[in-house]
Structure formats: structure tokens, C-alpha cells
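The block underneath contains the structure these notes are about, expressed in C-alpha cells.
The values are calculated or read from the model by the stated rules, or taken from the named source; none is laboratory data. Just so you know, these numbers come straight off a predicted model, no measurement behind them. All Cβ positions, even for glycine, are placed from backbone atoms using ideal geometry, and neighbour counts span all protein chains on display. To get the accessible areas, we keep the full protein, side chains included, count just its heavy atoms, and leave off ligands, DNA and RNA. Shrake-Rupley method; radii C 1.70, N 1.55, O 1.52, S 1.80 Å.
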Amino acid sequence: MLLGRVKSTNDPRMLHLQSYVAMDAFPVPPVRDLLDRTKKWPMLANDRFNCCTSAAAGHMVHHWTEANRQDVFLTEQDIIQAQAALTGDQLMEPVSMLNALKFWRKTGIGNHRIHSFMSAGHAKVDTLRAVIYLFGAAYIGLDLPNFAMKGDTEAEIIAVPWEISEKVSPGDAAPQFNNGHCVAAIGYDEKWIYVVTWGTLKTMTWEFFTRYTDEVY
């Protein structure tokens, strides 16, 4: 599995969620679990190319359309074409989430376009819950620590939950800009956030989210 996110630059035209939604004006449930609707998640080429920003978009399209019983799977070719368009055919070149979002809105990924997008700030627990509850998914950018990328096998790295162990050294636990990754968050409960990455549903603790999240849309 690979990564593929670089930090987004500031855009003064950015819409901000807090300007449109009063976050304390409606009750957000402590659990949002619609996970049984989706039985499988494709890798979407993120094991071969640094295309996580487009792959996460593909996972969100599937999650949204499955909820409407349309069940649309974007293909690896859809994701590769988006990555190629974003990078000038440099498929291993990482992409900012903001550029990917603009492309998703203007051009579309796999013939699917979003109407608009908003920044939800950084790693605020209540905000993420509200975004997932209101919109069904959140587009999250992480600076993963080195320990999250270590394991005896790739399968082990994919399967192990993202949580901060006391056994991890401070160096391995530090956020790493070079480990920039984009995932789709589609559910939560009191302990876990449920994200889709590398062709699987992965659990992430709230502590992990607040420490390593750099941007949320």
C-alpha cells in the first residue's frame, strides 16, 4: 500500500463549514454506524500508485451511492485517470487534497462530480462527528507516524488498528509530513472512527485522529 498526499495550500476562496452550519444547533448521536451496508472496498490502485486523494474520493462515491441503493464502484482505471490528470501522468507524484477536491468538483472522478466542498478545519472531535452525521462521510488528511507504516507484512499494516500504544517510541509516534495520507471517514462510535483505506475498513482511535489529522473536508 502507498500514500500520496501533500499538504494543501491556503485558498482565500475556501468555504468553511462553520460559516454555514451552527455546530451546536442540532443533536449529533454518539454512534453513527452504517457500516454493514458495504460488503467490500476496492484498493483503487493505491497499492501501486500514490493516488490516495482520488482513491478516497472513489470510496466516498461508493459509500454515498450504496446508501441510495445505486451501488456505484469506481474502477482502478477511473482513479488512475484522475491521478494522471492531476499530476501530468506522473502517477507516483503526491497530490494535495485541495487540488483533488477542485478536480472532483470541476471535472469529476469516474464521471462523478461533487457539487461543492467545505473545509471543516483540523482535528476537532465534535466537528468530525457532525460532518459524518450530516454528510455521510468526511475527507480526511493525515500525517501518519512511522509506527503506522511498520509491520511484518503489508497485510498486517493494513489490518492493525490505528491507535497510539505506550510501547511506541516518541520518534516513531511523531507526525510525519512525508507520510501524508488521505482517507474517507464513514462512521464512528465512542472509541473508534471507521475509515476506508487500502481496500479495507480500518479503525482509528479518537486520540490518533486528533494527533495526526491535518485537514478535514
Q.
If you wrap a convex hull around the alpha carbons of the range 82-166, what volume per residue comes out, as a whole number of Å³?
A. 151 Å³
Q.
Given an 8 Å cut-off on Cα distances and at least 6 residues of separation, report the relative contact order of the range 91-217 as a percent.
A. 33 percent
(Q) Return the equivalent ellipsoid semi-axes of the range 131-217 as a descending list in whole Å, where each equals the square root of 5 times an eigenvalue of the C-alpha gyration tensor. (A) 21, 14, 12
Q.
I need the phi-derived Karplus couplings for the range 77-89: 6.51 cos²θ - 1.76 cosθ + 1.60, θ = phi - 60°, integer Hz, Gly and Pro marked x.
A. 5, 4, 5, 4, 5, 5, 4, 5, 5, 6, 10, x, 6
Q. Sorting 54, 165 by accessible area (1.4 Å probe), largest first, what list results?
A. 165, 54
Q. When the helix-only estimate is applied to the chain (DSSP H runs of n ≥ 4, each -39,500 (n - 2.57), divided by the residue count), what is the mean residue ellipticity at 222 nm, nearest 500 deg cm²/dmol?
A. -8500 deg cm²/dmol
Q. So for 102, 191, what's the accessible-area order with a 1.4 Å probe, most first?
A. 191, 102
Q | Which of 169, 201, 57, positive extreme of dipole for the chain (C-beta unit charges) | A | 57
Q | Calculated SAXS-style log₁₀ I(q)/I(0) at q = 0.16 Å⁻¹ - the chain, Debye, Cα scatterers | A | -1.10
Q. When we measure straight from the Cα of residue 191, which aspartates and glutamates land under 13 angstrom away, once same-chain ones fewer than 8 places off are left out?
A. 33, 163, 207
Q: Between 145, 170, 29, find the one with the highest GNM mean-square fluctuation for the chain; connect C-alpha pairs within less than 10 Å.
A: 170
Q. Over the range 1-48, what number does the Rg to Rh ratio reach, with both radii from the alpha-carbon atoms and Rh per Kirkwood?
A. 1.11
**Q.** Debye, to nearest 20: dipole size of the chain, +1 on Lys, Arg Cβ, -1 on Asp, Glu Cβ
**A.** 600 debye
Q: Roll a 1.4 Å probe over the protein heavy atoms and report the accessible area of residue 140 in Å², nearest 10.
A: 0 Å²
(Q) Only sites in a loop by DSSP and with at most 12 other Cβ atoms within 10 Å count here; which chymotrypsin sites (Phe, Trp or Tyr not before Pro) in the range 1-94 make the cut? (A) 20
Q: Would you mind classifying the range 17-104 by shape? Square roots of the alpha carbon gyration tensor eigenvalues, ordered a ≥ b ≥ c; an a/c under 1.5 is rounded, otherwise it is prolate if a/b is larger than b/c and oblate if not.
A: oblate
Q: Quote the relative contact order of the chain in percent (integer), defining contacts as alpha-carbon pairs under 8 Å separated by 6+ residues.
A: 29 percent
Q | Probe 1.4 Å, accessible area per residue of the range 102-185, Å² | A | 51 Å²
